[in-house]
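Report on one structure; see the data block that follows.
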């Protein structure tokens, strides 16, 4: 499973917007990998920010 898939799965299971740090803590992935996945997901429109500094999967 890629870092992007793990990040999306973690965010979906949480059921609330999460920061990159929270995703790293919950999923156990290194923060640098989470940051890379966030950058790709933002670029692709895979995640949106409903609250400042928090992200959730796009609907």
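Every number in this text was worked out from the coordinates using simple rules, so none of it is lab data. Please read these numbers as outputs of a predicted model, since none were measured by experiment. All Cβ positions, even for glycine, are placed from backbone atoms using ideal geometry, and neighbour counts span all protein chains on display.
Okay, here's what the table says:
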read-out	value
Answer label, with Cα Rg over 2.2 N^0.38 Å calculated from the coordinates and candidates (i) 1.57; (ii) 1.51; (iii) 0.95	(iii)
Approximate spin-label separation residue 48-residue 14, in nm, with each point projected 7 Å along Cα-to-Cβ	1.7
Length-normalised contact order of segment 3-57 in % [C-alpha pairs under 8 Å, at least 6 apart]	42
